[in-house]
């Protein structure tokens, strides 16, 4: 019901404040993304709205922008048929299925845009909620980078590369 | 002997023409990197000299700049202790050990800069010379991305993620 009333749509300039609030929160936490926790608003928005990147927001009538995601080619040239995506949900809106709703929307958008596969380059092994969600949505761990992430509490932990075909 | 007489040093603005010549050649070939074959000089040099990227050239007294490489953190924040690197050798200078000399220089530089590991995100499976070199230098294939690269002659081929610790 919550998710059904939520609207996922392309992000616009009017969403920049809301996106920065979520981005800043996620970067400052520092346990799910390899981002500079002190990244500037300018750099963050330049990354999230980069050339060739599709930017979306999840908007709920009651709480406003609750999440945002990006979809883009993971590589250029001969690698441009594989999509990459990144998802962020506001801390105050977690556990409500917003991540899953955005992920399903993202897979649909990626197919619509003609991508043949989707890859996550950097899924931190301690982020078990994300790994469960991606596996549930058909992604597989295709590689593991030993001790590639320095977790703020847990020290050096492994990172997974996850992948799924979009041809089936 | 050839390699011994070669100098590997940081790239400067004076090297931009030579770097672009090599970059353009490698991008246009389109079989070893996932780069736009029509990438502009401006975008190519912005990438090769990006903020936070260390740029080097291999200079031979007889043939000039024969190769170039970059060394940088593979990720920001909690992932910044893992290095990433990219190597390009001029077509006219291949088979002379320039790639290996740059790779050994790169590993040494990465240790000097305090990186704990090095990762190659995108080693195309048909690039067997590169894979042999990286394995010889202690890298392992830690992941394989199925059909992630569209080779100009061979169609969709796998891509490897390669990794090595720098702590030993």
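The values are calculated or read from the model by the stated rules, or taken from the named source; none is laboratory data. What you see is a predicted model, and the numbers here were worked out from it, not measured in a lab. Reconstructed Cβ throughout: ideal geometry from the backbone, glycine too, with neighbour counts over all protein chains shown.
Applying the set (1) touching a residue at least 24 places away in the same chain (Cβ under 8 Å); (2) on the phi < 0 side of the Ramachandran plot; (3) more than 17 Å from the chain's Cα centre (by Cα) to residue B:62 leaves exactly one unmet item: (1).
The numbered conditions (1) within 19 Å of residue B:115 (Cβ to Cβ); (2) out of contact with any helix residue (DSSP H, G or I) (no Cβ under 7 Å at 6 or more places or on another chain); (3) surrounded by 15 or more Cβ atoms within 10 Å (Cβ to Cβ) are all true for residue B:71 except (2).
Selection of region B:89-116 for residues being within 14 Å of chain A (Cβ to nearest Cβ) and either surrounded by fewer than 21 Cβ atoms within 10 Å (Cβ to Cβ) or at positive phi (or both) yields B:114, B:116.
Here residue A:39 passes the criteria (1) surrounded by 14 or more Cβ atoms within 10 Å (Cβ to Cβ); (2) within 16 Å of the chain's Cα centre (by Cα) except the one numbered (2).
Conditions tested, residue by residue: (1) closer than 19 Å to residue B:156 by Cα; (2) more than 12 Å from every other protein chain (Cβ to nearest Cβ); (3) crowded, with 21+ Cβ neighbours inside 10 Å.
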residue: A:119; (1), (2), (3): yes, no, yes
residue: A:127; (1), (2), (3): no, no, no
residue: A:132; (1), (2), (3): no, yes, no
residue: A:146; (1), (2), (3): no, no, no
residue: A:150; (1), (2), (3): no, no, no
residue: A:155; (1), (2), (3): no, no, no
residue: A:158; (1), (2), (3): no, no, no
residue: A:162; (1), (2), (3): yes, no, yes
residue: A:165; (1), (2), (3): yes, no, no
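Take the conditions over 30 Å from residue B:39 (Cα atoms) and within 16 Å of the chain's Cα centre (by Cα) and apply them to residue A:128. Does it pass?
Considered against the rule, which asks whether it is over 30 Å from residue B:39 (Cα atoms) and within 16 Å of the chain's Cα centre (by Cα), residue A:128 comes out as yes.
Restricting attention to region B:30-42, the residues that are over 18 Å from residue B:65 (Cβ atoms) and more than 10 Å from chain A (Cβ to nearest Cβ) total 2. Does residue A:80 qualify as being touching a helix residue (DSSP H, G or I) at 6+ places or on another chain (Cβ under 6 Å), within 12 Å of chain B (Cβ to nearest Cβ), modelled with pLDDT of 95 or more and at negative phi? No, not satisfied.
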